[in-house]
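Encoded as C-alpha coordinates, the structure appears first; notes follow it.
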Amino acid sequence: MIVWIGRTGVELRETEVLDRLQVELDGVAETAADAFLRDRALGWFESVNDVLLDVDRLRTAAGGPTPGQDWLAGFERTMVYARTKGWLSEDGTHVSAHAQRKVSKPASGSESGSGH
(Lines give C-alpha, C1' and ligand atoms only; values in the text may rest on other atoms or scores of the structure.)
Protein backbone atom coordinates (compact mmCIF):
# COMPACT_ATOMS: atom_id res chain seq x y z
CA MET A 1 0.00 0.00 0.00
CA ILE A 2 1.22 3.48 -0.79
CA VAL A 3 0.18 6.62 1.06
CA TRP A 4 0.76 9.12 -1.75
CA ILE A 5 1.08 12.78 -0.80
CA GLY A 6 1.20 15.39 -3.54
CA ARG A 7 0.26 19.01 -4.03
CA THR A 8 -3.42 18.08 -4.13
CA GLY A 9 -3.44 16.13 -0.87
CA VAL A 10 -3.32 12.50 0.24
CA GLU A 11 -4.38 9.40 -1.72
CA LEU A 12 -4.14 5.74 -0.83
CA ARG A 13 -2.82 3.73 -3.76
CA GLU A 14 -2.27 0.04 -4.39
CA THR A 15 -4.45 -0.75 -1.38
CA GLU A 16 -4.64 -4.38 -2.48
CA VAL A 17 -0.85 -4.73 -1.98
CA LEU A 18 -0.60 -5.51 1.72
CA ASP A 19 2.96 -6.81 1.89
CA ARG A 20 4.43 -3.31 1.93
CA LEU A 21 3.54 0.08 3.36
CA GLN A 22 5.25 3.25 2.30
CA VAL A 23 4.64 6.97 2.13
CA GLU A 24 5.50 8.62 -1.18
CA LEU A 25 6.09 12.36 -1.36
CA ASP A 26 5.46 13.73 -4.84
CA GLY A 27 6.65 17.32 -5.11
CA VAL A 28 5.80 18.36 -1.54
CA ALA A 29 7.99 19.16 1.43
CA GLU A 30 7.70 17.27 4.70
CA THR A 31 5.92 20.19 6.38
CA ALA A 32 3.17 20.26 3.75
CA ALA A 33 2.91 16.46 3.75
CA ASP A 34 2.65 16.46 7.54
CA ALA A 35 -0.17 19.01 7.36
CA PHE A 36 -2.07 16.88 4.81
CA LEU A 37 -1.73 13.78 7.03
CA ARG A 38 -2.84 15.65 10.14
CA ASP A 39 -5.82 17.23 8.32
CA ARG A 40 -7.08 13.73 7.39
CA ALA A 41 -6.16 12.38 10.85
CA LEU A 42 -4.07 9.70 9.13
CA GLY A 43 -0.86 10.41 11.01
CA TRP A 44 2.18 12.67 11.20
CA PHE A 45 5.89 12.83 10.47
CA GLU A 46 7.92 11.49 13.36
CA SER A 47 11.19 12.43 11.64
CA VAL A 48 12.31 13.49 8.18
CA ASN A 49 11.99 9.96 6.81
CA ASP A 50 9.51 8.29 9.15
CA VAL A 51 5.75 8.69 9.36
CA LEU A 52 3.44 7.34 12.05
CA LEU A 53 0.10 6.29 10.57
CA ASP A 54 -3.11 5.69 12.53
CA VAL A 55 -3.93 1.99 12.05
CA ASP A 56 -7.71 2.34 12.38
CA ARG A 57 -7.91 5.33 10.03
CA LEU A 58 -5.63 3.57 7.54
CA ARG A 59 -7.75 0.38 7.66
CA THR A 60 -10.97 2.36 7.13
CA ALA A 61 -9.61 4.59 4.37
CA ALA A 62 -7.86 1.78 2.47
CA GLY A 63 -10.48 -0.92 2.94
CA GLY A 64 -13.39 1.20 1.85
CA PRO A 65 -16.88 1.13 3.35
CA THR A 66 -17.21 -2.69 3.20
CA PRO A 67 -13.83 -4.41 2.99
CA GLY A 68 -13.85 -8.11 2.29
CA GLN A 69 -12.78 -10.66 4.89
CA ASP A 70 -9.72 -11.57 2.83
CA TRP A 71 -8.58 -7.95 2.70
CA LEU A 72 -9.15 -7.48 6.44
CA ALA A 73 -7.22 -10.67 7.21
CA GLY A 74 -4.37 -9.49 4.99
CA PHE A 75 -4.32 -6.10 6.70
CA GLU A 76 -4.17 -7.76 10.11
CA ARG A 77 -1.30 -10.02 8.96
CA THR A 78 0.54 -6.87 7.84
CA MET A 79 0.11 -5.34 11.30
CA VAL A 80 1.28 -8.56 13.01
CA TYR A 81 4.38 -8.51 10.80
CA ALA A 82 4.92 -4.82 11.58
CA ARG A 83 4.85 -5.65 15.29
CA THR A 84 7.59 -8.28 14.85
CA LYS A 85 9.77 -5.63 13.20
CA GLY A 86 9.09 -2.98 15.86
CA TRP A 87 7.11 -0.80 13.46
CA LEU A 88 3.85 -0.98 15.40
CA SER A 89 3.36 1.17 18.48
CA GLU A 90 3.17 -0.68 21.78
CA ASP A 91 -0.58 -0.11 22.00
CA GLY A 92 -1.09 -1.11 18.34
CA THR A 93 -2.68 2.20 17.31
CA HIS A 94 0.08 3.48 15.00
CA VAL A 95 2.39 1.93 12.44
CA SER A 96 5.64 3.44 11.22
CA ALA A 97 6.23 3.83 7.48
CA HIS A 98 9.22 5.12 5.57
CA ALA A 99 8.77 8.29 3.53
CA GLN A 100 10.24 8.25 0.04
CA ARG A 101 10.61 11.20 -2.25
CA LYS A 102 9.45 10.64 -5.79
CA VAL A 103 12.20 11.58 -8.22
CA SER A 104 10.93 13.47 -11.24
CA LYS A 105 12.21 12.25 -14.57
CA PRO A 106 13.41 14.86 -17.04
CA ALA A 107 11.01 15.69 -19.84
CA SER A 108 11.61 13.85 -23.09
CA GLY A 109 14.34 15.52 -25.11
CA SER A 110 15.84 17.36 -22.16
CA GLU A 111 18.42 14.71 -21.29
CA SER A 112 22.07 15.55 -21.64
CA GLY A 113 23.91 14.35 -24.70
CA SER A 114 26.28 12.09 -22.77
CA GLY A 115 25.42 9.10 -24.94
CA HIS A 116 24.51 6.86 -21.97
Six or more apart or on different chains, Cβ atoms under 9 Å: show the pairs whose first residue is in the range 61-73 and closer than 23 Å to ARG40 by Cβ and whose second is in a helix (DSSP H, G or I) and among the small types (Gly, Ala, Ser).
TRP71/ALA62; TRP71/GLY63; LEU72/GLY63
State which residue pairs qualify: first residue at positive phi and inside the range 90-103, second residue at pLDDT 95 or above in any location, beta carbons under 8 Å apart, and separation of 6 or more residues or different chains.
GLY92/VAL55; GLY92/MET79; GLY92/ARG83
The lone exception for ARG57 - which of (1) in contact (Cβ under 8 Å) with a residue 12 or more places away in the chain; (2) over 15 Å from VAL95 (Cα atoms); (3) outside any loop (DSSP other than H, G, I, E, B); (4) among the charged types (D, E, K, R) it fails
(2)
Could you tell me which residue of the range 4-39 is farthest from the chain's Cα centre (by Cα), considering only residues that are surrounded by 16 or more Cβ atoms within 10 Å (Cβ to Cβ) and in a loop (DSSP other than H, G, I, E, B)?
VAL28
Can you name every residue in the range 43-72 that is surrounded by 11 or more Cβ atoms within 10 Å (Cβ to Cβ), at pLDDT 90 or above and farther than 18 Å from VAL10 by Cα?
TRP71, LEU72
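Just to be sure before I move on: is ARG83 of a type outside the set (A, V, I, L, M, F, W, C) and in a loop (DSSP other than H, G, I, E, B) in the structure I sent? Quick ask: steps written out before the conclusion?
On the way: of a type outside the set (A, V, I, L, M, F, W, C): yes; in a loop (DSSP other than H, G, I, E, B): no.
No; evaluated as a whole, the condition is false for this residue.
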Write out, first by first residue and then by second, each pair whose Cβ atoms fall under 9 Å of each other, whose residues are 6+ apart or on separate chains, and whose first residue, in the range 21-37, is free of Cβ contacts under 8 Å to residues at least 60 places away in the same chain and more than 15 Å from SER96 (Cβ to Cβ) while the second is among the aliphatic types (A, V, I, L, M) and outside any helix (DSSP H, G or I).
VAL28/ILE5; ALA32/ILE5; ALA32/LEU25; PHE36/ILE5; PHE36/VAL10; PHE36/VAL28; PHE36/LEU42
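The values are calculated or read from the model by the stated rules, or taken from the named source; none is laboratory data. As the structure is a prediction and not an experimental result, all values here were calculated from the model. For neighbour counting, all protein chains shown are included, and Cβ atoms are generated from backbone atoms with ideal geometry for every residue, glycine included.
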